[in-house]
Amino acid sequence: MTAPRVAAAAIGLVRAYGEGRGAVRALDGVTLWLPAGRFTAVMGPSGSGKSTLLHCLAGLDRPTAGQVLLGDTDLGALGEAARTAVRRDRIGFVFQDGNLLGHLSAGENIDLAASLAGRRPDRGWRTELVDRLGIGDRLRHLPGELSGGQRQRVAVARALLGRPEIVVADEPTGALDTESGRELLGLLRGCVDDYGQTVVMVTHDPLAASVSDQVLLLRDGTAAGRLADPTPGTVLSALGELGTGGRRPAPVPS
Amino acid sequence: MRALNPATRAAVAGIRRNPRQTVLTGLAVLVATVFSTGSVVFTDTLREALLAGAPDPESVSATVASVLAGLSVFVGLALIAATVVVGSTFRIVLARRGRELALLRCVGASRSQVTRSVLAEAAVTGLVAGVGGAVVAVVAGHLTIAVLQMSGVDVPGPVLQPAGPVGCVLLAVVATVVAAVPSALAAGRVPPVVALGEADGAEARGPDARRRVPLAVMLVVATVAVGARGLAVPDALGALGLVALSGMVLFAALVVAGPLLVAAAATALRPLAARSAPARLAVANARRVSRRTAATTTVLALGVGLTAALLVGIEGASADARASIERNYPAEVLVLPDDRATAPDRTERQAVADAAAARLAERPELRVRTDGTEVLVDPAPGADPQAVRDAVASAGDGAGTQVIWTAERRAETEQVLGTVRAVSTGLVGVTLVVAVLGMGVTLALSLHERTREIALLRALGLTRSGARYAVAAEAAIAGLVGAVPGVVLGAGYGVLGLLAVGIPVPTPPAGQLAGLGTGIVVVAVLAAAASMRRVGRVAPAHGLATG
């Protein structure tokens, strides 16, 4: 099997907050890569730096040291305006709980990035996405009139419409019930398999992570391992080896 | 609408879907526009009425222009107050939308696209408020005139020239857009990461003392310099203008230093609130959003200050007018040779005066003195007023004399003073209304944002009346922080104004000033009534839910 093309990568990535002795290194020299056309999950205990990693990969945050590459572009070297353009044209976002503009219809939300850039969206591709995600009859509705699952599917359509180089998903199933969550993961998986889309997802949920092609583990701001072809069981035990034990039940207050 | 960028489209769609908030945001501008349009319609009507029977159109134009100029000073003040209020409401509204703005930035809206969307929203808000205000003013103007005409008062019909109201609407749009500029720039700076749930501390950030203190100090120095220059100028009108300018510079200094002053005041009030949890909460909140609190309190200080200056000024002018009557009319009745009936010959006038004095002196009800050609008549002690009147009428009238009753002059003067007081209170009152509205709106919007926090406090055991009390206390603090400097500085500027035009300074009307200050605090609490009702209805469980 030939090594797949790299869609995005972090090389010696450091992100420190604060200065001097009080500085906190959320990322402390992380090197990893996201293969193109694959589904990567990023996991790790709270405070492991996975959110910061996602922000850096998405061009939302600038590294203190090291490089973040999207294709051949070093995102850390770009100015604010250039990074904004990269986010608009080359990255798709799916957040926890939709994050749609409440006053725009579902359809308008899907076209958001294209219309910000002053472009007309690709009609055929839009129709295909909307059909595939099963939201064709919902486009005129406001986000407030949609279910949580429908909102997330609108967000996925918005993310994919521009054929971005990577789709960045932050706990996409976090606010969904089990059934809607499973559906959404299936749809994301389908986008990777059928359209060759690159997806990177941060999650707490071993079940969600098991849908991916590889799980990257983080601990204390450093890369702590990689798990290929994960299953819920292997993810749980890998997390256990990280010394966190995955999702432990919260202690019952007396 | 397809042509707009989606940020703008979202903002405009937001106005359509949530008109209540737009109305709240633009309320201050609406009131100011009612005022400006009303002034324009009034002067247009006045011009037509005067021109109808005037032989000299040019002097009419000059008169009307000076009336308009006088009115526009007050319109300008109300607009400035409205601008500060609307600027503050925009900041609150946008703070609440931080996540949405961040989302736009995330998916690729540039800073300027976000900024422009806020400015577009401001323009639409200003347009709505401006048109609303203009319509209210025109309708109210027509109604007033119709009512006056029906009740038999001779007033001319209303004149509506479209240019005036249109200009006022444009002014409203410009004022609102200008007010929104700082918020719009701040909106553009919202970091995109906020969309992913990172805390955003834009509003919680304290005022920047390093930037504000030097600027405020410079403005205060300018205030003193301009004020001192004003007192040195001999020309009364120029002096008054400089004193007024100094007052406006001082207001600018208050706007700059406001957040720091509010924070300081909150710190000073903390010991007073130590024993009551709701009061502590109120003080902490006023301090936490000191920029927001300051915006409303400085406008309140402006309104209160203008009113206080007016009270002192009118007190001084009234005392001066009364003193001048006592000086010029040394007796209750003056009998003078009538200039129209008598030749302007000195000896002849003297003869007329002497004859009148002799006739008057025969009456036992009167005490008569003469001063040159003036016959000064006072009632005898214990004389019946009606008898005095009859005596003067029979002996003083006719024969080429005119009779002046000092009491009538006093009554005329009091009437003029009363009219001046009423009109100027009305003119200044608009600014006060804008300020109080601004306080109410700011508090209402702030509380909406704090619903979860209030619910949490309720869940932790804050009683319903405790929550209401905290809101009332917060309103009272804001009222106090606005009223006290307003009364003190305003009274000071009233004194300066009197000095500038050379009127002796009276003992300050302490009762009225105290009443003004207390009244404002009470009105501030009343303006918070709706917010108090709502805060009482917040369910404790709300704080545990997400979103």
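The values are calculated or read from the model by the stated rules, or taken from the named source; none is laboratory data. This is a predicted model, so every value here is computed, not measured. Ideal geometry is used to build each Cβ from the backbone, glycine not excepted, and the neighbour counts take in all protein chains shown. Keep in mind that these areas ignore ligands, DNA and RNA; they rest on the heavy atoms of the full protein, side chains included. Shrake-Rupley method; radii C 1.70, N 1.55, O 1.52, S 1.80 Å.
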- [ ] For B:VAL147 paired with A:ARG189, estimate the spin-label separation in nm (one decimal), with each label point 7 Å from Cα along the Cα-to-Cβ line.
- [x] 7.4 nm
Open item on the list: With a 1.4 Å probe and all protein chains kept in place, how much accessible area does B:ARG16 have, in Å² rounded to the nearest 10?
Closed with: 140 Å²
Task: Given charges at Cβ of Lys, Arg, Asp, Glu: segment A:126-254 dipole, positive-most of A:THR234, A:PRO172, A:GLY190 - done: A:PRO172
Open item on the list: Averaged over its residues, how many other protein chain Cβ atoms are within 10 Å of peptide A:78-85's Cβ atoms?
Closed with: 3
TODO: List the residues of segment B:179-195 whose accessible area drops by at least 30 Å² when all protein chains are present, compared with their chain alone, using a 1.4 Å probe and counting only protein heavy atoms.
DONE: B:PRO192, B:VAL193
TODO: For the protein assembly as shown, build the charge dipole from Cβ charges (+1 Lys, Arg; -1 Asp, Glu) around the Cα centre, then report which of A:LEU32, A:ALA81, B:ALA95 sits farthest towards its positive end.
DONE: A:LEU32
Open item on the list: I need the semi-axes of the equivalent ellipsoid of segment B:260-358: take the C-alpha gyration tensor, multiply each eigenvalue by 5, square-root it, list largest first in whole angstrom.
Closed with: 67, 14, 8
Task: Interface size B-A, as summed buried accessible area [1.4 Å probe, Å², nearest 100] - done: 2300 Å²
- [ ] Report the net charge of residues surrounding A:ASP28, where surrounding means a beta-carbon distance below 14 angstrom and charges are Lys +1, Arg +1, Asp -1, Glu -1.
- [x] +3
Task: For the protein assembly as shown, with +1 on Lys and Arg beta carbons and -1 on Asp and Glu, the positive-most of B:THR8, B:SER324, B:THR298 along the dipole - done: B:THR8
Open item on the list: Tell me whether segment B:1-198 comes out rounded, prolate or oblate; compute the Cα gyration tensor, take square roots of the eigenvalues as a ≥ b ≥ c, and use a/c under 1.5 as the rounded threshold.
Closed with: prolate
TODO: Please state the charge dipole magnitude for segment A:130-190, taken about the Cα centre, from unit charges on C-beta atoms (+1 on K and R, -1 on D and E), reported in debye and rounded to the nearest 20.
DONE: 220 debye
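Determine the sum of side-chain charges near B:VAL495: Lys and Arg each +1, Asp and Glu each -1, restricted to other residues whose C-beta is under 14 angstrom from that of B:VAL495.
On the way: positive: none; negative: B:GLU315, B:ASP320.
Around B:VAL495, the surrounding residues sum to -2.
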Open item on the list: Charges at C-beta only: +1 for Lys and Arg, -1 for Asp and Glu. How large is the resulting dipole of chain A about its Cα centre, in Debye rounded to 20?
Closed with: 320 debye
Task: About the Cα centre, charge dipole magnitude for segment B:349-433 (Lys/Arg +1, Asp/Glu -1 at Cβ), debye - done: 200 debye
Open item on the list: Below 8 Å between Cα atoms, with a sequence gap of 6+, how large is the relative contact order for chain B in percent?
Closed with: 19 percent
Open item on the list: If R₀ is 51 angstrom, what is the calculated FRET efficiency for the pair A:THR31 and A:ARG140, using the beta carbon separation as r and rounding to 0.05?
Closed with: 0.65
- [ ] Keeping the other protein chains in place, figure out the carbon and sulfur percent of the accessible area of segment B:99-155, with a 1.4 Å probe.
- [x] 72 percent
- [ ] Per DSSP H run of at least 4 residues, take -39500 (n - 2.57); add these up for chain A, divide by its residues and hand me the 222 nm value, nearest 500 deg cm²/dmol.
- [x] -10000 deg cm²/dmol
TODO: Could you tell me what fraction of 2.2 N^0.38 Å the Cα radius of gyration of the protein assembly as shown comes to, as a two-decimal ratio?
DONE: 1.32
TODO: Could you please state how large a percent of the accessible area of segment B:342-420 is carbon and sulfur, counting protein chains only and using a 1.4 Å probe?
DONE: 53 percent
TODO: May I ask you to order B:238-247, B:124-133, A:161-170 by the average number of other C-beta atoms within 10 Å around their residues, highest value first?
DONE: B:124-133, A:161-170, B:238-247
- [ ] For B:THR401, list long-range residues whose amide hydrogen, built 1.01 Å from N in the peptide plane, is under 5 Å from its own amide hydrogen.
- [x] B:ASP338
- [ ] Give the distance, in whole Å, between the Cα centre of segment A:196-216 and the Cα centre of segment A:1-47.
- [x] 15 Å
Task: Peptide A:112-118 - average C-beta neighbours from other chains (10 Å radius) - done: 6
- [ ] Work out the mean other chain Cβ neighbour count within 10 Å for the residues of B:96-109 and drop it here as an integer.
- [x] 6
Open item on the list: Less than 12 Å Cβ to Cβ from B:ARG270, Lys/Arg counted +1 and Asp/Glu -1: what total charge do the surrounding residues give?
Closed with: +3
Open item on the list: Rounded to the nearest percent, how much of the accessible area of segment A:1-97 (1.4 Å probe, protein heavy atoms only) is carbon and sulfur?
Closed with: 50 percent
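Can you work out the FRET efficiency for the pair B:GLU58 and B:ASP320, with r the C-beta to C-beta distance and R0 = 41 Å, to the nearest 0.05?
0.80
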TODO: Evaluate the relative contact order of chain A (contact order divided by residue number), counting alpha-carbon pairs under 8 angstrom at least 6 apart; express in whole percent.
DONE: 25 percent
Open item on the list: If you restrict to DSSP beta bridges whose two residues both lie in the protein assembly as shown, what percentage is antiparallel, to the nearest 5?
Closed with: 70 percent
TODO: Rounded to the nearest 0.05, what FRET efficiency do A:ARG62 and B:GLU453 give with R0 = 56 Å and r taken as the Cβ-Cβ distance? Could you check?
DONE: 0.95
TODO: Determine the per residue accessible area of the protein assembly as shown with all protein chains present and a 1.4 angstrom probe, expressed in square angstrom.
DONE: 45 Å²
TODO: Would you calculate a helix-derived [θ] at 222 nm for chain B, using -39,500 (n - 2.57) for each DSSP H run of n ≥ 4 and dividing by the full residue count, to the nearest 500?
DONE: -27000 deg cm²/dmol
